[in-house]
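K.L.:
Here you go, one structure.
The values are calculated or read from the model by the stated rules, or taken from the named source; none is laboratory data. These numbers come from a predicted model, not from an experiment. A quick note on method: Cβ atoms are made from the backbone with ideal geometry, for glycine too, and the neighbour counts reach across all protein chains shown.
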């Protein structure tokens, strides 16, 4: 990373470790009002920064890091922060951060600390690092599909023939799943372990990887002709670290299976659909007649029942960037399961005192300071004044961002039977009225009562189908299309293209967008004002004479 990038990061308040110490110190590097930055505090921050960024030590970067630390003191101790500290969103993220730190420590103590690597494993890895193997494979999404492929291979079905059936990638389809030569560390660990253990020409049983299942055939092996003990000893510590890292994920999975039975989590699908509809605003989430009903049972685990409202409240307490990942019933179920798992792990962490461990508290203190700075930057931007000329120019330069969304009006038929959907589609193609079929058969009653017509809705509300639907002609029939556990047939009734909003009607949105884009400059101006109000003294001679290790 070059110095210009370093300075860009620093201007955005890269890392924090405040508040700083007060009082006299023979090695005071800077005095900011009544607060001192000591030499040891600076060295700790600076050496950590150099280690994490890979930047070489130089005076420009030293000055920039020190200036960053000065800015943090100014913002934390010489500015009003009541609004941030009382902000529910800040408190929510703070609590989430506290939990994540405790969980990370639990993983270190309960999982990673127990990972061991034998001398035999290290020597085996040393041999594999010095080998190249060539292999081909067949891929399957499920274990059942993989087992079927394996049985076909056992009765003599050609590997190349099966590759043409399972791969959509044209290269793998045509070369029989051939992956070429690779060495240890290039592929998924489970895939590699299986491949390296094979003899040339041998075929593995189905192997579970991070992406699904593979059946592997070893085509060739090229070994290093001479491996010495001296070379092994040179690489031994590195290989041991790599092996421990490779064991982290499987060790974590085994631990989680011991403390949490994923098979015992059961869901109420109607409640899940209600939650998903609320979170995404999707117009394609199939609805029952009880869409607005709040279910007393949404999920059950080990005899404990969680209501729909309880689950919604828990989801509300996760950070927005995690909540935005919930786009389907599958991801919603994963998030809910994750929340229940987290509850179980946090109890273990609390019972073992991990949440009050000094290292956990110190890490949380640093992360909470980083979180504060994130909110502080936003607050500065939100409260900054922006000239009308700047916002008007920004509006003109980004007119597409301030235009109405494209809209679609559809007729729909939502069904839970693919064979019925195919049959009804044939009726429509034969001339039967779409609306009549929708009224009699569609499961979504509020549209069925209107002959399947949905009314104009923003294209974004149609999720992954938005491009398919928009690119269809008015009057065109689309489907049947799978939508979660349902399938739908659609007819495009009308389209409405986007149009720019008048500036005055979206002025507040334009100002907000401008402030987000120009936050760096706004924070810089704000800090300049704080600098002018507070006495700041820097010992430049001491800053230049520091001896940085390495």
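K.L.:
Select from region 286-316 the residues that are modelled with pLDDT of 90 or more, surrounded by 13 or more Cβ atoms within 10 Å (Cβ to Cβ), in contact with a helix residue (DSSP H, G or I) (Cβ under 9 Å, 6 or more places away or on another chain) and not in a strand (DSSP E or B) and list them in ascending order.
P.N.:
Within region 286-316, 296, 297, 298, 307, 308, 311, 312, 314, 315 meet the criteria.
K.L.:
Could you tell me which of the residues 255, 213, 178 is over 29 Å from the mean Cα position of the chain (by Cα), farther than 16 Å from residue 121 by Cα and outside the structural domain of residue 302 (by TED's automatic domain parsing)?
P.N.:
The conditions single out 178.
K.L.:
Before we move on, is residue 282 over 24 Å from the mean Cα position of the chain (by Cα), part of a loop (DSSP other than H, G, I, E, B), at pLDDT below 85 and closer than 26 Å to residue 92 by Cβ?
P.N.:
In short, no.
K.L.:
Do you know which residues across region 436-447 are within 23 Å of residue 485 (Cα to Cα) and either surrounded by fewer than 16 Cβ atoms within 10 Å (Cβ to Cβ) or in contact (Cβ under 8 Å) with a residue 24 or more places away in the chain (or both)?
P.N.:
Answer for region 436-447, where residues must be within 23 Å of residue 485 (Cα to Cα) and either surrounded by fewer than 16 Cβ atoms within 10 Å (Cβ to Cβ) or in contact (Cβ under 8 Å) with a residue 24 or more places away in the chain (or both): 437, 438, 440, 441, 442, 443, 444, 445, 446, 447.
K.L.:
What about residue 236, is it modelled with pLDDT of 90 or more, in contact with a helix residue (DSSP H, G or I) (Cβ under 7 Å, 6 or more places away or on another chain) and in a helix (DSSP H, G or I)?
P.N.:
It is true that residue 236 is modelled with pLDDT of 90 or more, in contact with a helix residue (DSSP H, G or I) (Cβ under 7 Å, 6 or more places away or on another chain) and in a helix (DSSP H, G or I).
K.L.:
Same structure, new question: What do you reckon, is residue 472 touching a residue at least 60 places away in the same chain (Cβ under 8 Å), in a loop (DSSP other than H, G, I, E, B) and farther than 30 Å from residue 41 by Cβ?
P.N.:
no
K.L.:
I need the full set of residues from region 448-465 which are buried (at least 17 other Cβ atoms within 10 Å of the Cβ) and either at pLDDT 90 or above or part of a loop (DSSP other than H, G, I, E, B) (or both), in order please.
P.N.:
448, 452, 453, 454, 457, 459 - these are the residues of region 448-465 that are buried (at least 17 other Cβ atoms within 10 Å of the Cβ) and either at pLDDT 90 or above or part of a loop (DSSP other than H, G, I, E, B) (or both).
K.L.:
Right, another one. Having 2 or more residues that are touching a strand residue (DSSP E or B) at 6+ places or on another chain (Cβ under 9 Å) and either modelled with pLDDT of 95 or more or farther than 21 Å from residue 227 by Cα (or both) is the bar; report the helices (runs of 4 or more DSSP H) wholly within region 109-209 that clear it.
P.N.:
The helices (runs of 4 or more DSSP H) meeting that bar are 143-154, 159-166, 170-174, 189-196.
K.L.:
Listed residues 518, 531; which is under 30 Å from the mean Cα position of the chain (by Cα), farther than 25 Å from residue 434 by Cα and surrounded by 13 or more Cβ atoms within 10 Å (Cβ to Cβ)?
P.N.:
518
K.L.:
Within region 475-517, count every residue that is in a loop (DSSP other than H, G, I, E, B) and within 20 Å of residue 425 (Cα to Cα).
P.N.:
Total meeting the criteria: 4.
K.L.:
Moving to a separate point now. Just wondering, is there one or more residues in region 14-33 that are surrounded by fewer than 20 Cβ atoms within 10 Å (Cβ to Cβ), closer than 23 Å to residue 376 by Cα and modelled with pLDDT of 50 or more?
P.N.:
Yes; the residues of region 14-33 include at least one that is surrounded by fewer than 20 Cβ atoms within 10 Å (Cβ to Cβ), closer than 23 Å to residue 376 by Cα and modelled with pLDDT of 50 or more.
K.L.:
Output the residue which, of all residues in region 84-105 that are in a helix (DSSP H, G or I) and over 21 Å from the mean Cα position of the chain (by Cα), is surrounded by the fewest Cβ atoms within 10 Å (Cβ to Cβ).
P.N.:
Of the residues in region 84-105, the ones in a helix (DSSP H, G or I) are 84-85, 88-105.
Adding the requirement that they be over 21 Å from the mean Cα position of the chain (by Cα) leaves 84-85, 88, 91.
Values: 84: 19, 85: 12, 88: 9, 91: 13.
Checked region 84-105; the qualifying residue surrounded by the fewest Cβ atoms within 10 Å (Cβ to Cβ) is 88.
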